[in-house]
Amino acid sequence: MNNIVLFASGSGSNAEKIMQYFKNNEHTRVAAVCSNNPNAKVLERAQKFNIPTFVFSKKQLEEGEVLNLLAPFSPNLLVLAGFLLKIPDNIIQRYPNKIINIHPALLPKYGGKGMYGTNVHKAVWDNKEPETGITIHYVNENYDEGNIIFQKSVAIQNCTSAEMIAHKVLELEHQYFSTVIEQLFKNQE
């Protein structure tokens, strides 16, 4: 059985799509959901699927407690779905090429520290880009610099706001994130 542990800091709509996608899968399951935000809606979403959750502080993440919490779940893949803290080196070293993130732009554009969510869409809007998209990539020690696994673009010339861009990008995230995860596991077989 492939075990996924999801990390999310907020609403968790991507996390919920992943939980739903793998709900009855005989080869892959979401084993746990982790958050650094005790008020994150993703925790409620996980409860609907009877998936264990745990909340931790930035200090617990940085000092290795989260690494210890992961062990009982035997994760094959850590999936960052709207997780805003930097993954520390101890977790990256323990799970090399087993941590992925989804970024709401076509990296390397609009990546790096502070470039997440609305910040990304506003930058894309301000620069009058003709297209944007999503990037699913491995996580390394630098924000948004890990090897790219998958990208999908969408035309945004007709968008009249950063919010419209955000909506188009979220649709792509919901459409592709789970299937890319599934393909990663198939490629390892």
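The values are calculated or read from the model by the stated rules, or taken from the named source; none is laboratory data. What you see is a predicted model; the values in this text were computed from it and never measured. Here the Cβ is made from the backbone with ideal geometry for all residues, glycine too, and neighbour counts use every protein chain on show. We work out accessible area using only protein heavy atoms, side chains counted, and drop any ligands, DNA or RNA first. Shrake-Rupley method; radii C 1.70, N 1.55, O 1.52, S 1.80 Å.
Ordered from highest to lowest accessible area with the whole protein assembly present and a 1.4 Å probe, Met19, Met1 read as Met1, Met19.
Measuring nothing but alpha carbons in the range 135-178 and taking Rh as the Kirkwood radius, the Rg to Rh ratio lands at 1.05. Just name one of Ala31, Ile181, Leu78: the one whose Cα is farthest towards the positive end of the charge dipole of the chain (beta-carbon charges, Lys/Arg +1, Asp/Glu -1). Going by the Cα projections, it comes out as Ala31.
Near Gly114: Cβ cut-off under 13 Å, other residues only, Lys/Arg at +1 and Asp/Glu at -1. The net charge is +2.
Summing charges over all other residues whose Cβ lies under 11 Å from the Cβ of Asp144, with Lys and Arg as +1 and Asp and Glu as -1, gives +2. Under the combined filter of DSSP loop state and at most 11 neighbouring Cβ atoms within 10 Å, the range 98-129 retains these trypsin sites (Lys or Arg not before Pro): Lys113, Lys128. The GluC sites (Glu not before Pro) of the range 28-128 that DSSP puts in a loop, and whose beta carbon has at most 14 other beta carbons within 10 Å, are Glu63.
Our summary gives the chain a relative contact order of 19 percent, counting only alpha carbon pairs under 8 angstrom and 6 or more residues apart.
The alpha-carbon of Lys98 sits under 28 angstrom from the alpha-carbons of these lysines, leaving out residues fewer than 8 places away in its chain: Lys17, Lys23, Lys41, Lys48, Lys58, Lys59, Lys86, Lys109, Lys113, Lys152, Lys168, Lys186. Normalised by 2.2 N^0.38 Å, where N counts its residues, the alpha-carbon radius of gyration of the range 6-87 equals 1.02. Counting only protein heavy atoms and using a 1.4 Å probe, the accessible area of Tyr143 comes to about 80 Å².
Normalised per residue, the accessible area of the range 1-99 is 49 Å², obtained with a 1.4 Å probe and no contribution from ligands, DNA or RNA. Leaving out ligands, DNA and RNA, what percent of the accessible area of the chain is carbon and sulfur, probe 1.4 Å? In the chain, the share of accessible area belonging to carbon and sulfur is 47 percent. P(r) tail for the range 48-181, what percent of Cα pairs lie past 22 Å? In whole percent, the long-distance tail amounts to 41. A 1.4 Å probe over all protein chains sorts Asp144, Asp126 by accessible area into Asp126, Asp144, starting with the largest. How many angstrom lie between the Cα centre of the range 1-77 and the Cα centre of the range 115-144? Going from one Cα centre to the other spans 23 Å. Charged neighbours of Gln175, selected by a Cβ distance under 12 Å, balance to +1 (K, R count +1; D, E count -1). Per-residue ellipticity at 222 nm, computed for the chain from helices alone with -39500 (n - 2.57) per DSSP H run of at least four residues, works out to -11000 deg cm²/dmol.
Among the GluC sites (Glu not before Pro) in the range 104-171, those placed in a DSSP loop whose Cβ has at most 12 other Cβ atoms within 10 Å are Glu141.
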